[in-house]
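Colleague: Here you go, one structure.
The values are calculated or read from the model by the stated rules, or taken from the named source; none is laboratory data. Computed from a predicted model, the values in this text were never measured in an experiment. Virtual Cβ from ideal backbone geometry, glycine too; neighbours counted across all protein chains shown.
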Amino acid sequence: MHITNPQRLFLTTLMLYLITIPVFGQPVRDTLKYKTNPNYELQTSLFGLYKTRQADIIMLGNSLTAGADWGELLGRSNAVGRGIPGDIIQGYTARLDYILKLKPKIVFILGGLNDIYGWTPVEEIFSDYVKLIQALRTNGIVVVIQSTTYAGRDWGKGWGGTPENNSGRNKEVDKLNNLLFDYAKKNNMDFINLNAKTAARDGFLRPELTYDGIHFNSEGYKIWVREVERVLIKYKM
C-alpha cells in the first residue's frame, strides 16, 4: 500500500499524541526512543516499588498487557503483569532486570504493534525480539511468543485514521508474526496465535472484542486467558 505524505504526517502526529495516554501508540522511533515515553519511567519506578519478590508467571508487554490484572484473570497468586503502555520491544529488553529479579519460570511476550505504527522495519523489530527472547532463555526461563495483534478497521478514526492505513499496518503485523512463528518452530518454543482467535474475515481485530479499535475488552481478554491457560497446563503450572 502506498502511503502519501499527508497520511504519513497524520500517523506520525497521531503517535506523538497517543504516547501521552495509555493506548497502543508509539512515536516514530528515529526521533523518540522508548525512554521518551512518559509511561516508561513511571511504570518502571513502580515495578521497583512493588512488594512481589517472586512470580512464576510473568506477562510481558505493552498497554494490552497492562490493561488487566493477570493474577486476577488467571486466578493465580504467582502471576503478575509487566506491561507498559506505549512500550516497544527495545524497551522490554531495557527493563529486563525488573523481570529477572522475580525469578520467573515462564514469560509470555506480547508486543510489536507500537514498533510497527512507529514505522520501524519488520526485520529490525524481529531482530530486537530475538535479542529479548535469547536474554530470557539464557536465564533458564521458558518463553512463550504471542502473536502481535491486529488493529481494528476504525482504529484512530477520531484522529483521521482510515481502514486503508490500518490494513497496511496489519500486513506488517502478518510479516512479523510469520517471522516469529518460524523462529518459535525452529527453536521448539510455544507460539500463541491470538489473531487466529480474534481477527475477523476482513483481517481486522473483531469489533466485539475491543472498546476502542485496538485494546481488548473483557471478551477479548477471555479469549486470551484461555490460550495462556492451555500453555500453563502443558507445563503443569
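Table: residues versus (1) touching a helix residue (DSSP H, G or I) at 6+ places or on another chain (Cβ under 9 Å); (2) surrounded by 14 or more Cβ atoms within 10 Å (Cβ to Cβ).
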{"residue": "MET189", "(1), (2)": "yes, yes"}
{"residue": "ASN195", "(1), (2)": "yes, yes"}
{"residue": "ARG201", "(1), (2)": "no, no"}
{"residue": "PHE204", "(1), (2)": "yes, yes"}
{"residue": "LEU209", "(1), (2)": "yes, yes"}
{"residue": "ILE223", "(1), (2)": "yes, yes"}
{"residue": "ARG226", "(1), (2)": "yes, no"}
{"residue": "LEU232", "(1), (2)": "yes, yes"}
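Colleague: Hey, another quick one. Of all the helices (runs of 4 or more DSSP H) wholly in segment 3-66, which have at least 3 residues that are surrounded by fewer than 22 Cβ atoms within 10 Å (Cβ to Cβ) and modelled with pLDDT under 95?
Modeller: Of the helices (runs of 4 or more DSSP H) lying wholly inside segment 3-66, those with at least 3 residues that are surrounded by fewer than 22 Cβ atoms within 10 Å (Cβ to Cβ) and modelled with pLDDT under 95 span 5-18, 38-49.
Colleague: Taking into account only those residues within segment 113-132 that are touching a Phe, Trp or Tyr at 6+ places or on another chain (Cβ under 9 Å) and among the aromatic types (Phe, Trp, Tyr), which is surrounded by the fewest Cβ atoms within 10 Å (Cβ to Cβ)?
Modeller: PHE126
Colleague: Would you mind telling me which numbered condition in (1) over 19 Å from ILE145 (Cβ atoms); (2) in contact with a strand residue (DSSP E or B) (Cβ under 7 Å, 6 or more places away or on another chain); (3) small (Gly, Ala, Ser) ALA199 fails?
Modeller: (1)
Colleague: Out of everything in segment 91-112 that is of a type outside the set (Gly, Ala, Ser), touching a residue at least 60 places away in the same chain (Cβ under 8 Å) and not in a loop (DSSP other than H, G, I, E, B), what residue ends up being farthest from GLN54 (Cα to Cα)?
Modeller: In this case the residue turns out to be PHE108.
Colleague: Among the listed residues ASP56, ASP115, which satisfies the condition of being in contact with an Asp or Glu (Cβ under 9 Å, 6 or more places away or on another chain) and acidic (Asp, Glu)?
Modeller: So the residue among ASP56, ASP115 that is in contact with an Asp or Glu (Cβ under 9 Å, 6 or more places away or on another chain) and acidic (Asp, Glu) is ASP115.
Colleague: Within segment 211-220, can you find the residues that are closer than 23 Å to VAL80 by Cα and buried (at least 18 other Cβ atoms within 10 Å of the Cβ)?
Modeller: Step one: filter segment 211-220 for residues closer than 23 Å to VAL80 by Cα, giving 214-220.
Within segment 211-220, ILE214, HIS215, PHE216, GLY220 qualify.
Colleague: So, one more: Would you mind finding the one in LYS185, LYS131, LYS105 that is farther than 19 Å from GLU227 by Cβ and of a type in the set (D, E, K, R)?
Modeller: Of LYS185, LYS131, LYS105, the one residue that is farther than 19 Å from GLU227 by Cβ and of a type in the set (D, E, K, R) is LYS131.
Colleague: So which pairs qualify, if the first residue must be in segment 181-198 and in contact (Cβ under 8 Å) with a residue 60 or more places away in the chain, the second must be assigned to a helix (DSSP H, G or I) and of a type outside the set (Asp, Glu), the Cβ gap must be under 7 Å, and the two must be at least 6 apart or on different chains?
Modeller: Going by the 7 Å Cβ cut-off, the qualifying pairs are ILE192/VAL231; LEU194/TRP224.
Residue-wise test of (1) part of a helix (DSSP H, G or I); (2) under 14 Å from the mean Cα position of the chain (by Cα).
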residue: ASN114; (1), (2): yes, yes
residue: SER127; (1), (2): yes, no
residue: VAL130; (1), (2): yes, no
residue: ALA151; (1), (2): no, yes
residue: ASN188; (1), (2): no, no
